[in-house]
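Data block below; observations after.
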Amino acid sequence: MPVKLPLLSATALDAPITWWRNRPISRVAFLRHVGTVARRLPPARFILNLCEDRYLFLVAFAAVGANGQTSLLPSSRAELHLRELAEDYPDNHRLADDDVGSWLVSEAMDSAMPIIPALPMDQVMAMAFTSGSTGRAKPHPKRWGELVGGARQARQRFGFEPGMTVVATVPPQHMYGLETTIMTPLVSGASIHAGRPFFPEDVRAALESASSPRVLVTTPVHLRACVQAELHWPAIAFLISATAPLSAVLAVRAETVFGAPVLEIYGCTEAGSIASRRTLDGDLWRLYDGFHLRDGALSGAHLPEPVPLNDGIELCGEAEFKLLGRLEDLINIAGKRTSLGYLNHQFNQIVGVVEGVFWLPDDTGSGVQRLMAAAVAPGLSERQLLAALSERLDPVFLPRPLLKVERLPRNETGKITRDTLLALIGPTATVRRGRS
């Protein structure tokens with residue numbers, strides 16, 4: 001008999017799992033909603049979950065798993081990406097907010113006490129996908145036992161518990177959002193805010209409407225915008241940031257503005273979240289309990305096999321490490337070595353640069369490759385930017401071209417993909433390329 005784990009922790013079944021459409025939804029009501037959607041789902045092998053309402057996503061995700069089907073979690077809503085998924089997984093059905101919401105409204109809820117489904121640990125609950133920064137998105141199956149194991153580790157590390165409310169700016173389709181806002185309420189008993197606030201005032205209003213203690217799950221991009229908004233924020237227990245390294249400068253400002261500790265999660269789509277740190281405590285990351293790093297690969301805990309990491313790692317004892325930068329970011333130009341992470345750090349230290357990023361174009365075989373860069377720097381000219389960079393970098397690392405843009409192209413989780421950077425130099429890019 002396969003080993004099974006419950007879909008929902010039996011802790012505090014009468015406590016709300018979310019606030020949806022201005023009313024609390026208990027865990028018992030949630031299980032009834034799951035049953036309703038499970039009965040209405042078509043018999044497709046794969047369900048493409050496009051729900052943006054976090055509670056509707058949660059209900060659909062649970063119903064798909066209860067039916068023994070698998071959720072497809074796209075890394076992008078771009079139609080090309082969705083068509084590619086449909087080609088790769090032809091036995092699929094798309095599910096959106098209108099579908100799930102209408103089912104919940106149109107069908108009367110059963111008043112009987114629902115049974116908590118138990119799912120096999122080895123059931124492929126979802127297929128998560130890489131961001132597609134290097135080409136066609138790569139699938140990563142997520143088994144129920146792995147997802148529950150990761151959620152239990154997060155509960156132990158961050159103290160998620162019943163009564164706590166999680167407000168998030170990240171989509172549930174992303175592994176970071178899936179773990180912190182979907183698996184957390186299922187396993188730990190915490191509640192979630194059903195929305196996905198985007199602008200700082202929306203984030204403030206969502207936090208204000210949530211019950212205390214509150215947790216904000218966000219990204220460096222959203223965190224910077226919230227800090228700069230100069231709003232009055234309600235009390236927060238702590239903030240979690242992921243998807244990109246958080247600078248100590250921003251972390252200091254955020255802790256001052258919110259009056260709460262800022263924590264970071266390190267992870268990847270392949271393994272999920274694996275380590276955390278408080279940014280102001282230094283550059284050491286601490287592994288979740290049960291994980292081990294050896295020769296650049298992660299093993300232990302709930303992982304069925306070792307997972308190679310795409311970042312350079314320097315071990316500092318058994319459970320701590322330093323990040324040296326992504327292996328794919330290490331570059332060698334004319335015999336001189338550096339990393340894109342170092343170049344970006346130097347770029348963003350220039351006074352007047354709001355955001356700046358380097359990238360390396362495809363090798364055309366025509367000779368020495370030259371770096372490219374884009375910057376949001378309203379008060380500086382390209383010539384001034386190059387002059388400032390020349391004081392910090394070896395001449396071989398100066399970008400050609402250097403583009404000024406109104407904003408950097410980011411996806412839903414605040415990441416900048418290589419494809420969107422390369423598109424900046426295309427004929428339709430709206431950039432200034434003068435020699436002022």
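The values are calculated or read from the model by the stated rules, or taken from the named source; none is laboratory data. The model shown is predicted, which means the values in this text are computed figures rather than measured ones. Don't worry about glycine lacking a Cβ; one is built from the backbone with ideal geometry, like all the others, and counts go over all protein chains shown.
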Next on the checklist: Quick check on segment 265-284: of everything there that is of a type in the set (A, V, I, L, M) and surrounded by 15 or more Cβ atoms within 10 Å (Cβ to Cβ), which residue is farthest from Ala301 (Cα to Cα)?
Outcome noted: Leu284
Next on the checklist: Residues to consider are Gln346, Gln384; find the one that is modelled with pLDDT of 85 or more, under 30 Å from Leu287 (Cα atoms), outside any strand (DSSP E or B) and not small (Gly, Ala, Ser).
Outcome noted: Gln346
Checklist entry - Looking at segment 189-208, is at least one residue closer than 18 Å to Leu58 by Cβ and assigned to a helix (DSSP H, G or I)? => result yes
Checklist entry - Quick check: is even one residue across segment 52-61 surrounded by fewer than 20 Cβ atoms within 10 Å (Cβ to Cβ), assigned by TED's automatic domain parsing to the domain that holds Pro185 and not basic (Lys, Arg)? => result yes
Next on the checklist: List the residue pairs whose Cβ atoms are under 7 Å apart, where the first residue sits in segment 391-411 and is part of a loop (DSSP other than H, G, I, E, B), the second is of a type in the set (D, E, K, R) and surrounded by 16 or more Cβ atoms within 10 Å (Cβ to Cβ), and the two are 6 or more positions apart or on different chains.
Outcome noted: Leu408/Glu355
Checklist entry - Can you spot a residue in segment 161-176 that is in a helix (DSSP H, G or I) and either buried (at least 22 other Cβ atoms within 10 Å of the Cβ) or among the polar types (S, T, N, Q) (or both)? => result yes
Item to check | helices (runs of 4 or more DSSP H) wholly inside segment 52-153 that include at least 1 residues being under 24 Å from Phe30 (Cα atoms) | outcome: 54-66, 97-106
Next on the checklist: Quick check on segment 191-199. Is at least one of its residues without any contact (Cβ under 8 Å) to a residue 40 or more places away in the chain, surrounded by fewer than 22 Cβ atoms within 10 Å (Cβ to Cβ) and over 26 Å from Ser71 (Cβ atoms)?
Outcome noted: yes
Checklist entry - Which of the residues belonging to segment 32-46 are touching a strand residue (DSSP E or B) at 6+ places or on another chain (Cβ under 8 Å) and within 27 Å of Ala206 (Cβ to Cβ)? => result His33
